[in-house]
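Student: One structure coming up, written as structure tokens, with questions to follow.
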Amino acid sequence: MFGNQLRELSAWMAAADIDELQLSGPSLRLELARDGGETIPDRTRDQQLGEPPRHAEPLLVVAASTVGIFLDRHPLHESALAPAGTPVRAGQIIGLLQAGTLLVPVLAPRDGRIGATLVARGTPVGFGTGLIELQTIER
């Protein structure tokens, strides 16, 4: 079914001199290697090792809604708006984008817990740039 796509992807990897590609999500990990390595989802690998499958909370990446300079805190305050591990509610400000003198809030789209910050404070970002990981809470 995916044979043609995998062959095409393998050709692109070879052309770019890429030996290994890893893709992962909350419940699946795919590894491709040009040297004949295996492609095994994490759940299968866990079962092969006799371990129970992992059940991670869904991960959501909060992206920039506009261009600007990413700030994890208000310019007049020293503490971060939402440090890693902080529980947040939908609509809560978790970062800022500075465009000139304008500060645009970065809002949590859902209830959850702040994960990693993906860009450093003061980094210029474009529309759609991933800023902050949010472990969402299933209801």
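The values are calculated or read from the model by the stated rules, or taken from the named source; none is laboratory data. The model shown is predicted, which means the values in this text are computed figures rather than measured ones. We place every Cβ from the backbone using ideal geometry, glycine too, and count neighbours over all the protein chains shown.
Student: Condition first: among the β-branched types (Val, Ile, Thr), within 17 Å of HIS74 (Cβ to Cβ) and assigned to a strand (DSSP E or B). Now tell me which residues in region 116-136 satisfy that.
Tutor: THR117, ILE132 - these are the residues of region 116-136 that are among the β-branched types (Val, Ile, Thr), within 17 Å of HIS74 (Cβ to Cβ) and assigned to a strand (DSSP E or B).
Student: Can you say whether GLY91 is without any contact (Cβ under 8 Å) to a residue 24 or more places away in the chain, exposed (fewer than 13 other Cβ atoms within 10 Å of the Cβ) and assigned to a loop (DSSP other than H, G, I, E, B), as far as the supplied structure shows?
Tutor: Values: without any contact (Cβ under 8 Å) to a residue 24 or more places away in the chain: yes; exposed (fewer than 13 other Cβ atoms within 10 Å of the Cβ): yes; assigned to a loop (DSSP other than H, G, I, E, B): yes.
Yes; evaluated as a whole, the condition is true for this residue.
Student: Something else about it: Of everything in region 93-123 that's within 19 Å of the chain's Cα centre (by Cα) and of a type in the set (S, T, N, Q), which residue is farthest from LEU59 (Cα to Cα)?
Tutor: Ranking the candidates gives THR123 first.
Student: If we keep just the residues of region 94-115 that are of a type in the set (Gly, Ala, Ser) and not in a loop (DSSP other than H, G, I, E, B), which is farthest from LEU134 (Cα to Cα)? Walk me through it before giving the result.
Tutor: If we filter region 94-115 for residues that are of a type in the set (Gly, Ala, Ser), which is where we start, we get 95, 99-100, 108, 112, 115.
Those still in the list that are not in a loop (DSSP other than H, G, I, E, B) too: 95, 99, 112, 115.
Working: GLY95: 12, ALA99: 24, GLY112: 6, GLY115: 5 Å.
The residue in question is ALA99.
Student: Hey, among the residues in region 124-133 that are under 14 Å from the mean Cα position of the chain (by Cα) and aliphatic (A, V, I, L, M), which one's surrounded by the fewest Cβ atoms within 10 Å (Cβ to Cβ)?
Tutor: So the residue we want is LEU131.
Student: Which ones in region 87-116 are among the β-branched types (Val, Ile, Thr) and either in contact with a Phe, Trp or Tyr (Cβ under 6 Å, 6 or more places away or on another chain) or modelled with pLDDT under 95 (or both)?
Tutor: Correct list: THR101 only.
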